[in-house]
1. Applying the Karplus parametrisation 6.51 cos²θ - 1.76 cosθ + 1.60 with θ = phi - 60° to the phi angles of the range 91-100, what ³J(HN,Hα) value in whole Hz is obtained for each residue in order, glycine and proline being reported as x?
2. Applying the Karplus parametrisation 6.51 cos²θ - 1.76 cosθ + 1.60 with θ = phi - 60° to the phi angles of the range 24-32, what ³J(HN,Hα) value in whole Hz is obtained for each residue in order, glycine and proline being reported as x?
3. Highest mean first, what order results for 33-41, 108-116 on Cβ atoms within 10 Å?
4. Output the pairs from LYS40/LYS158; LYS52/LYS117; LYS18/LYS40; LYS106/LYS158; LYS55/LYS106; LYS117/LYS151 with a Cα-Cα distance over 24 Å in this structure; if there are none, say none.
5. For LEU60, list long-range residues whose amide hydrogen, built 1.01 Å from N in the peptide plane, is under 5 Å from its own amide hydrogen.
Amino acid sequence: MTAQDTTTTSISAQRVIKKYPNRRLYDTATSTYITLAEVKQLVMERENIVVKDAKTGEDLTRSIFLQIILEEEAGGAPMFTEAMLANIIRFYGHTMQGYMGSYIEKSVQMFTDFQSKLAEQSGMGGSEAWTQMMQMSNPMLGNGYAEQVQKMQEQMQKQTEQMMAMFGIKR
């Protein structure tokens, strides 16, 4: 299979959700209206979805994903601190805006890959293995997981500080 075949396959395998002017979301795969919570569930299940404006065909996927994140952040257990959000805002319009997006994406991918590797080695689901590992005290952790997590955190912090230093931004 060529790279072009893979791209074509992934595009055709997308689940299309249409957003109507009345803000309702319509899942074309099931021919039913769905909620934002159900869109979130599709994302959690790793469905390849695209959200399109029903009238114009404009791709609204990013805005719907941002809306899900906003609701999650407002829901009580936020992932992002105010300081982190302020720093992200500061990168908009900056010459390094594209780099910052790529950096965050790669960092999250590295974290996700580590979680998958942990799940594979433990024989549990990703979040279950991660939760169990984080509940254990460091001396009890086998296979160097604690050290891997610590190294990963240190590496990400060092890379972030180096990138910020390039622009004269200090912590």
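Read the figures in this text as sums done on the coordinates, not as results from a lab. The structure presented is a predicted model; accordingly, all values stated were derived computationally and were not measured. No Cβ is skipped: glycine too gets one built from the backbone with ideal geometry, and neighbour counts run over all protein chains shown.
1. In residue order, the calculated couplings are 7, 5, x, 7, 4, 9, 4, x, 5, 4 Hz.
2. Couplings: 7, 10, 10, 8, 6, 6, 10, 6, 9 Hz.
3. 33-41, 108-116
4. Working: LYS40/LYS158 32 Å; LYS52/LYS117 34 Å; LYS18/LYS40 15 Å; LYS106/LYS158 15 Å; LYS55/LYS106 34 Å; LYS117/LYS151 15 Å.
Long pairs (Cα-Cα over 24 Å): LYS40/LYS158; LYS52/LYS117; LYS55/LYS106.
5. VAL51, LYS52, ASP53
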